[in-house]
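Worksheet: one structure, shown below.
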Amino acid sequence: MFRQVSRLHVVYPGVLGCRQGVQNGVRLIGLTGSKSLNIKATNWPVVNGFKSGIILPPGCQSLATTSSIISGSTAAASHALLQPSKPLGFWLLGVAGAVFGMVVLGGVTRLTRSGLSMVDWKLQGRPLPRTEDEWKSEFEKYKQYPEYKRINKGMDLDEFKEIYFLEWAHRMWGRGLGVIYGLPLAYFLLSGKSSTIPGINPKLGALLCLGAAQGLVGWWMVKSGLEESPDVYKDPRVSPYRLAAHLTAALTLYTGLIWTGLTALNPNRIVSPSNAVVRMRSLGLVALGFTGITFFSGAFVAGNDAGRAYNDWPLYAGKIIPDEIWDSSLHPSWRNIFENTATVQFDHRNLAYTTAIVVLGTVLRARSPQVWKHLPRHSQIGFYGLGAALATQVTLGISTLMMFVPVSLGAAHQAGALTLWTVALYCQHALRYIR
């Protein structure tokens, strides 16, 4: 019954029921039957041509039914363990990276007031104007709308070309995303290679629909900025509500791509995690929630151009609370929260402070000795990254405000928010799935 063999069949306890975490132990990356592992394992029983045994990784202290697993057939374990799909996972993460770039480019179009330069929308998109007459035709269309009349009157053709190109690039990037997502998706579905991860096909379909809808939401947002406002003193800009909807839809799509991509690479859930892991999951969700709410409030800062008001810090024009915190002329009064420049910036700053405290508290809790030793290695790396992303984003936020929102810093601040969100997502995933 006992003999030396070259291949090792490992029952991974994270799938079959680990109870408590320990710091020391052997960590295996290979899944059941997927690899030949160079590990010396003498005097283990041979089952179905493989040596079978239990190797405890970090995060697991004991198994609920160790003896039955060792003595039983490995077929059940092979059935329980899912094979990762690297092509599927890396493709989804690559698309997520492209969405990240598109969100940042969208921020640049807003900061440079380029978003209203294209005054119509075509499903298939369009090439850039090639001749001088084509450029003049697009410029004449733009001149009919409020932004040119109230802000850019006197702009020359070369200046128009600059803002037009940014908006055109943003729109065509979105259509390119449709191609790099849609064509590989068809391949994975038709070949059946996505079916190795149970339940992932409906998620891939939902992401396709969300991406397609995003283009329509974007045009719906732009249209609000092309309408004449009865207030002649109000600068033409898109509706902050529609901008928030557009940015939230992009964040939802990005989140789905990241989570689904990570799951394709690491499909096996941790079952019966240690108490320390459970507590960190809860704290991480709270941190993720505050990060998302602050990101959402940032859309209203952008939509109301509130970042260019009160550019001293930490005060507001020398005061703890800005004088214009509540405008009684806005009806209903709740509109102050979303449309009053002073209120919008005040809310965003204080949400950012709260988020920083919660995220920092989460990182410090993770680093405490009684918790740290129970966390899987990838979770530990994630929490280090979370602390670094938080410090960077706080620095960017204060710098952007005090320097009157230059385009470079404004775009970096938006990228920093997405980075913080990404690392927080990774921390959550690493606490839930085996790596």
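The values are calculated or read from the model by the stated rules, or taken from the named source; none is laboratory data. In this text the structure is predicted, and so the values were computed from the model without any measurement. Note: ideal-geometry Cβ built from the backbone for every residue, glycine included; neighbour counts use all protein chains shown. All accessible areas refer to the heavy atoms of the entire protein, side chains included, with ligands and DNA or RNA removed. Shrake-Rupley method; radii C 1.70, N 1.55, O 1.52, S 1.80 Å.
Details
- Per residue, the convex hull spanned by the Cα atoms of segment 289-382 amounts to 125 cubic angstrom.
- For segment 304-315, putting each phi into the Karplus relation 6.51 cos²θ - 1.76 cosθ + 1.60 with θ = phi - 60° gives couplings of 9, 6, 6, x, 9, 10, 6, 8, 9, 8, x, 8 Hz, in residue order, rounded to whole numbers and with x for Gly and Pro.
- Segment 82-165, accessible area per residue, ligands and nucleic acids excluded (1.4 Å, Å²): 50
- Cα-based equivalent ellipsoid, segment 150-205: semi-axes from gyration tensor eigenvalues, Å: 43, 11, 5
- From the C-alpha gyration tensor of segment 355-435, square roots of 5λ in Å: 28, 13, 7
- Across segment 142-152, coupling constants 3J(HN,Hα) worked out from phi with the 6.51/-1.76/1.60 Karplus curve, θ = phi - 60°, read 4, 5, 7, 10, x, 4, 5, 5, 9, 10, 9 Hz, and Gly and Pro carry x.
- Solvent-accessible surface of segment 266-390, averaged per residue with a 1.4 angstrom probe and all protein chains in place: 47 square angstrom.
- Segment 171-257: C-alpha pair distances exceeding 20 Å, %: 47
- Accessible-area ranking of M280, M402, largest first, probe 1.4 Å: M402, M280
- Value in Å of the Kirkwood radius, where segment 216-371 supplies the Cα pairs that are averaged: 18.5
- Normalised by 2.2 N^0.38 Å, where N is the number of residues, the alpha-carbon radius of gyration of segment 70-218 equals 1.52.
- Ordering of 317-323, 246-252 by packing is 246-252, 317-323, highest average first (other Cβ atoms within 10 Å, averaged per residue).
- Segment 285-435 - percent of accessible surface contributed by carbon and sulfur, probe 1.4 Å: 71
- Applied to segment 252-265, the Karplus parametrisation 6.51 cos²θ - 1.76 cosθ + 1.60 on θ = phi - 60° returns per-residue 3J(HN,Hα) values of 5, 4, 4, 4, x, 5, 4, 5, 5, x, 5, 5, 5, 7 Hz, with x for Gly and Pro.
- Given their separation in residues at 0.36 nm each and the Cα-Cα distance between them, E228 and E159 gain 22.5 nm when the chain is fully extended.
- Between A186 and W121, residue separation times 0.36 nm minus the direct Cα-Cα distance comes to 20.7 nm.
- Above-threshold pairs, the threshold being 28 Å between Cα atoms, out of K153/K319; K122/K149; K161/K203; K203/K223: K153/K319; K161/K203; K203/K223
- Label point 7 Å beyond Cα of E324 along Cβ direction - residues of segment 217-246 with amide nitrogen under 20 Å: 229-241
- The protection proxy used here, the mean number of other Cβ atoms lying within 10 Å of each residue, ranks peptides 95-105, 219-229 as follows, highest first: 95-105, 219-229.
- Theoretical FRET efficiency, 1/(1+(r/R0)^6), r = Cβ-Cβ of S399 and N201, R0 35 Å, to 0.05: 0.20
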